[in-house]
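> Sharing a structure here in structure tokens format.
The values are calculated or read from the model by the stated rules, or taken from the named source; none is laboratory data. The structure presented is a predicted model; accordingly, all values stated were derived computationally and were not measured. With ideal geometry, Cβ positions are generated from the backbone for all residues, glycine too; neighbour counts draw on all protein chains shown.
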Amino acid sequence: MLIQIEDFIRFLKEISIENFEVYVPVKNNQEQEDNISFQKLSKDTECIVLDKYRALDPTKLFLYPPVEQLTPLVEHNKKRIICGIKNCDLSAIDVLDSALINDDFVDPNYKRWREITYIISADCNEVLPTCHCLMVNKNPYPDTGFDLNLSRIDDKFLVTVASDKGKELERLIEQKLSPAMESKDIEKKVADNRKEMIEKVREINKKFSFDRKYEPIDENKARELWADVSENCIECGGCTNICPTCYCILLNDETKSDEFRKIRTWDSCQYYGYAKVAGGATPRPDLWERFRHRYQTKFIRIPNTFDRMGCTGCGRCISVCPGEIDIREVVQKLQ
């Protein structure tokens, strides 16, 4: 079905009052690049951009918060819609699902967040200089993993339904709006728009090889090479905190006399204390070893364990790195 963009945003505002908590990408600083972040929708929310490029904050914030109480388990019952998710984040959610909801282990908090969360994704209509989804075999538009997807056609969205949750939202849309019928040339327009976006991503990454080979990352490269590519790293942890697929944690005991409490917080493999044991020993005492560990995890261990790439090409780690380290350049150099 086709919906006017203004009508769809009005629909989101209406159900945010009645049925759901709704979060949307909002443009913050008009002059700054990479300036979109998620905000809770209200009737006064402005500068909503559902289909531009990915937000700076990863969607794992909604499913795997940076600080969360595990015991006693806190119930979360109100349904949520996360709208405007791009394919790089859908791919990341797929990685988290594989790690946190599987035959051997189920994270109850993560599972509950997934159950009450409705995902409305959107095709990208613009790209950032850091975007490189094509280099990790992804596209700037979703194929799967969403409940509803939005594809812009002029001043309308083509809405695609892909799940039972999506059908529930579709029924709400039909109750509150008057969707237009699809015309014969809609599919071609969507395909043309997507082709144009693919070409844009290729253009901004033209200096890099798309024929990537990740085996060299796992080889016993000389210490000097890893020390060279990690020279500007200051161990801030920005890359892992902003990464949509990182899920390492610390488990803290915050028990008080009247309550047993366990709190988890995000950890980073880039910190010196990561994996340090009680006797003071650490498996990776040098920075270059921790730097290497991150690349080996993204490009070797996660694919070997879950049959999914651990990097989704979102480029957030490039955007936030104070040392201006570019993951594309590091992989290229290691090859």
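> Here's a check for you: in region 257-310, which residue that is acidic (Asp, Glu) and in a loop (DSSP other than H, G, I, E, B) is modelled with the lowest pLDDT?
Top of the filtered list is 258.
> Can you pull out the residues in region 220-231 that are in a loop (DSSP other than H, G, I, E, B) and surrounded by 10 or more Cβ atoms within 10 Å (Cβ to Cβ)?
Across region 220-231, the qualifying residues are 221, 230, 231.
> Could you figure out which of (1) within 20 Å of residue 58 (Cα to Cα); (2) in a loop (DSSP other than H, G, I, E, B); (3) touching a Pro at 6+ places or on another chain (Cβ under 7 Å) isn't true of residue 234?
The single condition residue 234 does not satisfy is (1).
> Just checking, which of 194, 202, 212 is part of a helix (DSSP H, G or I), under 24 Å from the mean Cα position of the chain (by Cα) and within 15 Å of residue 313 (Cα to Cα)?
Of 194, 202, 212, the one residue that is part of a helix (DSSP H, G or I), under 24 Å from the mean Cα position of the chain (by Cα) and within 15 Å of residue 313 (Cα to Cα) is 202.
> Give all pairs with beta carbons closer than 6 Å in which a residue from region 195-217 that is basic (Lys, Arg) meets a residue that is surrounded by 12 or more Cβ atoms within 10 Å (Cβ to Cβ); count only pairs at least 6 apart in sequence or on separate chains.
Listed by first residue and then by second, the contacts come to 200/127; 213/335.
> Is one or more of the residues making up region 71-82 closer than 30 Å to residue 31 by Cα and either basic (Lys, Arg) or modelled with pLDDT of 95 or more (or both)?
Yes, region 71-82 contains a residue that is closer than 30 Å to residue 31 by Cα and either basic (Lys, Arg) or modelled with pLDDT of 95 or more (or both).
> Let me ask something else. List every residue pair whose Cβ atoms lie under 7 Å apart, where the two residues are 6 or more positions apart in sequence or sit on different chains, the first residue falls within region 135-147 and is in the same structural domain as residue 51 (by TED's automatic domain parsing) and farther than 24 Å from residue 171 by Cβ, and the second residue, located anywhere, is in a loop (DSSP other than H, G, I, E, B) and β-branched (Val, Ile, Thr).
So the pair list comes out as 136/312; 138/312; 140/127.
> Counting just the residues of region 4-56 that are aromatic (Phe, Trp, Tyr) and outside any strand (DSSP E or B), which one comes out surrounded by the most Cβ atoms within 10 Å (Cβ to Cβ)?
53
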